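*Asks:* Mind looking over this structure? Questions follow.
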Amino acid sequence: MRKLVLKMSVSVDGFVAGPNGEIDVFLKTMDEDVVSWIEETLWQAGVHIMGSRTFQDMIAYWPTSSKPLAAPMNDIPKIVFSKKEITELIDAELTTQAFKDTSRLDFGKGISKVAVTKNFSTWTNAVVANGNIAEEINRLKQQQGKSILAHGGASFAQSLVKHNLIDEYKLVIHPVALGNGLPLFSALPEPLNLKLADSISFSSGTIANTYQLI
């Protein structure tokens, strides 16, 4: 049996993005040490799972990225939770504000796109899970292999939280308070008791905390 891990960036007041999905404030404190920690976390996974909107962002971004995170993002198999087929999800016109923020920051830093990776097939051949989310996740947990790593979107992460499907939270807490935005735990049906299993602080002021269920 394998565990489900949720990795997300959050503000100190618990928001995973601004009111319209903005993540530019998080990208400003994503230094090399934070990226290295995220890369290590990504390689610990046997499969990446995500909602359809996040899938559309990622398939538009990672196959042509030259960033260090591109290798694990492109190499590791994907499962997308959607009622649509993969061919319907490959549409650059449907990307979100998070994609626009990341691309704009790359352009400002002079980061250019590269040729499409040979592992683009891990995106185009992603498995679609279209059943009940709790049943699909529990089926995945029964399989052998490395951990299942979930990527937000806020709504997908909220669904996982609501159904108490997450075994471990890896929260990258950025030194910014938003005051308003898209919360992670708003759908929580009752208090969630966690233990802090690991905490790493970075020079940017960002902290990576790993929480496990008690």
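*Asks:* Project the alpha carbons of segment 16-72 onto their principal axes and report the range along each, largest first, in whole Å.
*Replies:* Dimensions of segment 16-72 along the principal axes of its Cα atoms: 31, 27, 20 Å.
*Asks:* Also: Can you give the charge dipole size of the chain about its Cα centre, rounded to the nearest 20 debye, using +1 on the beta carbon of Lys and Arg and -1 on the beta carbon of Asp and Glu?
*Replies:* The calculated dipole for the chain is roughly 360 debye.
*Asks:* Quick one: Glu85, Glu22, fewest Cβ neighbours within 10 Å first, how do they rank?
*Replies:* Glu85, Glu22
*Asks:* By per-residue mean of other Cβ atoms within 10 Å, what is the highest-first order of 34-45, 187-198, 151-162?
*Replies:* Most protected by this proxy first, the peptides run 151-162, 34-45, 187-198.
*Asks:* Taking the Cβ of each residue in Ser203, Ser52 as the centre, tally the other Cβ atoms inside 10 Å and list the residues starting with the fewest.
*Replies:* Least to most surrounded, the residues fall as Ser203, Ser52.
*Asks:* Work out the P(r) tail for segment 1-109: percent of alpha carbon pairs separated by more than 23 Å, whole number.
*Replies:* Tail of P(r) above 23 Å: 29 percent of Cα pairs.
*Asks:* Take every DSSP beta bridge whose two residues both sit in the chain, then give the antiparallel share in percent to the nearest 5.
*Replies:* 40 percent
*Asks:* Long-range amide H contacts for Asp31: which residues qualify at under 5 Å (H placed 1.01 Å from N, peptide plane, sequence gap of 5 or more or a different chain)?
*Replies:* Excluding prolines and chain starts, which carry no amide H, there are no hits.
*Asks:* Next question. Averaging sequence separations of C-alpha pairs under 8 Å and six or more residues apart, then dividing by the length of segment 1-103, give the relative contact order as a whole percent.
*Replies:* Relative contact order, segment 1-103: 35 percent.
*Asks:* Please list the non-local residues whose amide H lies under 5 Å from the amide H of Val10, H modeled 1.01 Å from N, same-chain partners needing a gap of 5 or more.
*Replies:* Residues meeting the criterion, in which the H sits 1.01 Å from N, are Val172, Ile173, His174.
Taken together, the values in this text are just the output of simple stated rules run on the coordinates, not laboratory data. Quick caveat, the model's predicted, so the values are computed rather than measured. All Cβ positions, glycine included, derive from the backbone under ideal geometry; neighbour counts span all protein chains shown.
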